[in-house]
């Protein structure tokens with residue numbers, strides 16, 4: 001069987017039309033601009049960023065690895081250098097992509113592809129609880145828990161996950177609006193409930209062979225009272 | 001030398017082919033988009049994701065700086081149904097190839113507006129879809145297997161006319177950028193050999209993205225498989241830039257060279273794509289990322305040269321000449 005290609009081979013002609021030349025030039029400009037936009041968007045690794053347990057754990061692993069390869073910096077020195085290098089890289093990229101950003105915003109196009117760049121060992125799990133008079137708090141939803149799966153398909157939907165998975169310690173306006181909506185839905189489903197709590201519980205993933213860390217901390221919690229929700 | 005290289009560059013972007021591969025991307029990605037917007041509707045999330053905060057929307061943007069669509073149609077777009085409906089309609093038009101170019105452009109502009117309104121709900125795959133649709137808006141993707149084809153040629157499948165191949169090649173460049181950058185950006189030590197290749201294990205323990213509870217993969221041999229998966233992911237993403245070389249080898253198939261001959265003989269682009277198909281099916285089976293794996297797989301049709309498709313797909317014999325005058329009829 002002949003496996004050689006049958007099409008897509010360049011012609012042997014030596015001249016092209018002006019239209020083809022202009023098109024090739026424009027495509028070259030587009031490709032160049034996209035490569036500029038694709039420069040990895042390194043975020044400055046500052047002391048403040050390293051307050052997150054996940055980021056600190058990641059930094060320590062890199063420091064341990066580099067120490068083993070002969071680096072003589074202390075952890076503080078390493079953080080200082082990391083801050084300098086990443087802040088510089090961030091500034092350079094920002095300056096390079098600045099002229100291209102308006103077009104990117106209008107068309108919603110960019111080239112930042114940090115897919116699972118640094119998997120976190122401190123992920124969060126969404127939980128929803130309701131409070132009923134005399135009954136206390138009880139779960140109605142806990143991610144990946146079949147016993148508490150009310151509205152599971154909504155919470156798992158990718159666009160909704162974008163709101164709660166990226167939640168910061170202090171909930172922003174979209175997350176607050178999301179929590180109010182969840183509360184309204186839960187109040188409708190549970191007429192006796194007087195409060196709804198939406199929580200992001202932080203877990204610690206350990207590797208096989210390492211001791212398990214059962215500690216779970218509440219990273220974000222929004223409590224909504226029934227009388228806060230408009231009827 | 002520069003003149004010769006420029007000439008080759010011009011020739012690469014001047015190649016022509018039938019529109020079957022681009023139509024495959026259009027239909028597959030269109031289906032993913034329609035499924036996604038239909039999901040929003042069935043989950044009852046239209047006002048929340050697309051509407052104004054005063055009407056129950058989750059947007060933190062409206063009220064701070066009004067996006068252009070809202071400045072033009074403030075009342076009509078307030079509850080989100082019109083925006084969502086137009087996006088769904090554009091997705092359907094793209095899939096069936098009805099006013100295809102207009103539908104591509106409309107979808108990109110409206111989807112970009114939504115990205116501004118509620119950016120946390122606009123994911124990476126939404127950007128990829130916009131990038132690809134913007135390229136396809138400049139292509140003849142709507143002239144094959146479409147309503148437009150029926151109108152223009154009298155046949156649903158079109159008339160096998162030759163169209164510019166550069167949009168497909170540009171999507172190949174987009175794929176290469178995505179995977180190469182995704183590989184370079186993976187600075188987390190868990191992706192590295194000295195981090196134990198534990199990234200995939202860690203991701204599958206993250207309840208936000210895991211499809212199910214994967215506690216059991218801490219046991220062997222499953223943990224080992226996750227390490228192999230991590231290593232293969234890195235190697236595959238880092239090597240994806242070689243796809244450009246494979247394509248260049250095809251463009252220049254008449255030139256000598258053992259590597260070129262090897263690449264063309266074994267069609268390495270299809271081997272690379274096969275690994276990607278397995279990779280994304282694995283993601284679909286193990287992670288809950290919505291349409292991400294399926295929309296990504298839709299772009300894979302870009303590695304297919306229409307001449308490589310069997311006659312039962314294209315519905316006819318190969319076109320007489322896939323490139324302008326002067327092109328050799330067949331490969332050596």
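The values are calculated or read from the model by the stated rules, or taken from the named source; none is laboratory data. As the structure is a computational prediction, the values presented were derived from the model and not from experiment. FYI the Cβ positions are ideal-geometry reconstructions off the backbone, even for glycines, and counts take in every protein chain you see.
Of note:
- Residue in the range B:31-46 that is away from chain A (no Cβ under 12 Å) and within 22 Å of residue A:9 (Cβ to Cβ) present: no
- Helices (runs of 4 or more DSSP H) contained entirely in the range A:52-136, each with at least 3 residues that are in contact (Cβ under 8 Å) with a residue 12 or more places away in the chain: A:53-68, A:75-97
- Scanning the range B:5-30 for residues that are more than 10 Å from chain A (Cβ to nearest Cβ) and at pLDDT below 90 yields one hit, B:5.
- Residue A:140 vs. criteria more than 10 Å from every other protein chain (Cβ to nearest Cβ) and not in a loop (DSSP other than H, G, I, E, B): yes
- Condition check for residue A:188: on the phi < 0 side of the Ramachandran plot, within 10 Å of chain B (Cβ to nearest Cβ), assigned to a helix (DSSP H, G or I) and at pLDDT 90 or above: no
- Condition met for residue B:202 (more than 24 Å from the chain's Cα centre (by Cα), within 12 Å of another protein chain (Cβ to nearest Cβ) and not in a loop (DSSP other than H, G, I, E, B)): yes
- Listed here are the helices (runs of 4 or more DSSP H) enclosed by the range B:97-157 that have at least 2 residues being surrounded by 24 or more Cβ atoms within 10 Å (Cβ to Cβ) and not assigned by TED's automatic domain parsing to the domain that holds residue B:177: B:100-117, B:124-136.
- Test for residue B:270: is it away from chain A (no Cβ under 11 Å) and within 22 Å of residue B:136 (Cα to Cα): no
- Test: residue in the range B:245-255 that is part of a helix (DSSP H, G or I) and more than 10 Å from every other protein chain (Cβ to nearest Cβ): yes
- Of the residues A:125, A:195, A:159, A:105, the single one that is facing chain B (nearest Cβ under 9 Å) and touching a strand residue (DSSP E or B) at 6+ places or on another chain (Cβ under 9 Å) is A:125.
Residue by residue, here is whether (1) in contact with a strand residue (DSSP E or B) (Cβ under 7 Å, 6 or more places away or on another chain); (2) not assigned by TED's automatic domain parsing to the domain that holds residue A:50 holds:
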| site | (1), (2) |
| --- | --- |
| A:101 | no, no |
| A:135 | no, yes |
| A:155 | yes, yes |
| A:181 | no, yes |
| A:184 | no, yes |
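- Checklist (1) under 16 Å from residue B:180 (Cβ atoms); (2) without any contact (Cβ under 8 Å) to a residue 60 or more places away in the chain applied to residue B:240, failing item: (2)
- Total residues in the range B:1-25 satisfying the condition of being part of a helix (DSSP H, G or I), out of contact with any helix residue (DSSP H, G or I) (no Cβ under 7 Å at 6 or more places or on another chain) and surrounded by fewer than 21 Cβ atoms within 10 Å (Cβ to Cβ): the figure is 7.
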